[in-house]
Amino acid sequence: MRSAAPFLAFAMLVAGAVCAQDAPSGVADIAAAEDDGVRWFNAEGVPTFKIADDGTVDWPTFSGYRRYHAECHVCHGPDGEGSTYAPPIKDTVMRMDYYDFTGVVASGRQVVNASDNQVMPAFGTNPNVMCYLDDIYTYLRARGADALPRGRPAKRAEKSDAYAAAEKACMEQ
């Protein structure tokens, strides 16, 4: 069951972006189909990455690299590879529905039983995560699809004015 927090966080993230629709179950499409000036979306309206033939990553994916390593890698390891503390997530995002991913990050998750003890805290009130959640998601999807190697992307697109405006609007809420 989803709480209202992930839905509100999602709405906050896509200010000025196209309205996303539910992704199909299973592995969602990663092909970039539409650019709204802020980020790329696949055919289902789910944020995705765009990497040019020369290896230049779109700004949101580069931002996702930066934000992931500022907030997430402490537990989930560098480049989404996992650690002894938390599971790898670069492969998980290839199977996990975008909206479930958003819900887990915003609301947290606990899996505690005889064989598991996994507790992820909620980040729904942390603007340094929630304002960049789509960026983190697209970065992890690029890593999970093996479209982006480990480490800092060598080439990146410049931040667009539309992206800067959406980022400012989110951070000022």
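Where a number appears in this text, it was derived from the coordinates with a stated rule and is not lab data. Remember, it's a predicted structure, so these values are computed and weren't measured experimentally. Methodologically, a virtual Cβ is constructed for each residue, glycine included, from the backbone with ideal geometry; neighbour enumeration extends over all protein chains shown.
Taking interchain pairs and intrachain pairs at least six residues apart, which have beta carbon atoms under 9 angstrom, with the first residue in the stretch 145-159 and more than 24 Å from Asp91 (Cβ to Cβ) and the second exposed (fewer than 11 other Cβ atoms within 10 Å of the Cβ)? Qualifying pairs under 9 Å: Lys155/Ala52; Lys155/Asp54; Ala157/Ala52.
Quickly run through the stretch 150-173 and pick out the residues that are in contact with a Gly (Cβ under 8 Å, 6 or more places away or on another chain), among the hydrophobic types (A, V, I, L, M, F, W, C) and closer than 25 Å to Asp79 by Cα. Answer for the stretch 150-173, where residues must be in contact with a Gly (Cβ under 8 Å, 6 or more places away or on another chain), among the hydrophobic types (A, V, I, L, M, F, W, C) and closer than 25 Å to Asp79 by Cα: just Ala154.
If you go through the stretch 32-55 and keep only what is farther than 14 Å from Tyr163 by Cα, assigned to a loop (DSSP other than H, G, I, E, B), in contact with a strand residue (DSSP E or B) (Cβ under 9 Å, 6 or more places away or on another chain) and not polar (S, T, N, Q), you end up with Ala32, Ala33, Ala43, Gly45, Phe49, Lys50, Ala52, Asp54, Gly55. Taken as a whole, the structure leaves Ala70 outside the set of residues that are more than 15 Å from the chain's Cα centre (by Cα) and over 16 Å from Gly144 (Cα atoms).
Does Glu158 satisfy the condition of being assigned to a loop (DSSP other than H, G, I, E, B) and of a type in the set (Asp, Glu)? Considered against the rule, which asks whether it is assigned to a loop (DSSP other than H, G, I, E, B) and of a type in the set (Asp, Glu), Glu158 comes out as yes.
The rows are residues; the columns are (1) crowded, with 20+ Cβ neighbours inside 10 Å; (2) touching an Asp or Glu at 6+ places or on another chain (Cβ under 9 Å); (3) aliphatic (A, V, I, L, M).
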site: Val111; (1), (2), (3): no, no, yes
site: Ser115; (1), (2), (3): no, no, no
site: Asp134; (1), (2), (3): yes, no, no
site: Tyr137; (1), (2), (3): yes, no, no
site: Ala147; (1), (2), (3): no, no, yes
site: Arg152; (1), (2), (3): no, no, no
site: Arg156; (1), (2), (3): no, yes, no
site: Asp161; (1), (2), (3): no, no, no
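A residue that is surrounded by fewer than 17 Cβ atoms within 10 Å (Cβ to Cβ), touching a residue at least 40 places away in the same chain (Cβ under 8 Å), on the phi < 0 side of the Ramachandran plot and not hydroxyl-bearing (Ser, Thr, Tyr) occurs somewhere in the stretch 76-89.
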